[in-house]
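Below is one structure; the comments refer to it alone.
The values are calculated or read from the model by the stated rules, or taken from the named source; none is laboratory data. What you see is a predicted model, and the numbers here were worked out from it, not measured in a lab. Glycine gets a Cβ as well: all are built from the backbone with ideal geometry, and neighbour counts include every protein chain shown. To get the accessible areas, we keep the full protein, side chains included, count just its heavy atoms, and leave off ligands, DNA and RNA. Shrake-Rupley method; radii C 1.70, N 1.55, O 1.52, S 1.80 Å.
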Amino acid sequence: MSGASIFVMTVLSLFVLGAALAIRTARFVRRARHVRAKVVVLSDASVDSHDTATSSAGVDRFTVELRLDGGGLRKVQLADAFGGSLAASLVGSDGTLPVVYDPGNPAVVRIDTIWALYFIPAFVCAPAVLLLVLAAFVWLAR
């Protein structure tokens, strides 16, 4: 196998992985319940680096209480992995946060924003698309 074919196979694998993750997320969102969960605890989880005088970006951790279809309540911990500002800005004046949960498995809860749901599939898929376009451009330019 040549180096070019290994490159193309690797990039195609990344694209397929990203697309599979996006499809899986879309299926989850389609069957999930979209509700507003009451924020019970909000804490900052920034981590200090003892090697340097810096600390990591703050990550907000939420303990939310959501009402399930059967009327029961469930407490779930969620984290905003995007610097803490995104999900914190979504907390309404009534102290609730938009979430989606799987009615078949209420332990599976996600913050209900396009950014939080589709960041990982886009992060995997977008560079693959760009690299494929670059490879096609180089191939056509020969």
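One table, with the values for the structure above:
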read-out	value
Cα-centre dipole for the range 63-142 with unit charges at Cβ (Lys and Arg positive, Asp and Glu negative), debye to 20	280
Fully extended contour minus Cα-Cα distance, from LEU73 to VAL40, at 0.36 nm per residue	10.7 nm
Karplus-derived 3J(HN,Hα), 6.51/-1.76/1.60, for each residue of the range 64-73, Hz, glycine and proline x	10, 10, 10, 8, 7, 4, x, x, x, 10
Heavy-atom SASA rank of ARG33, ARG142, ARG24 (probe 1.4 Å, accessible area, largest first)	ARG142, ARG24, ARG33
Computed E for ALA126/ARG31 - FRET, C-beta separation, R0 22 angstrom, nearest 0.05	0.30
Residues LEU140 and ARG24, FRET efficiency given R0 of 41 Å [Cβ-Cβ distance, rounded to 0.05]	0.75
Full-stretch length increase - SER89, ASP102 - with 0.36 nm per residue and alpha-carbon distance subtracted	2.3 nm
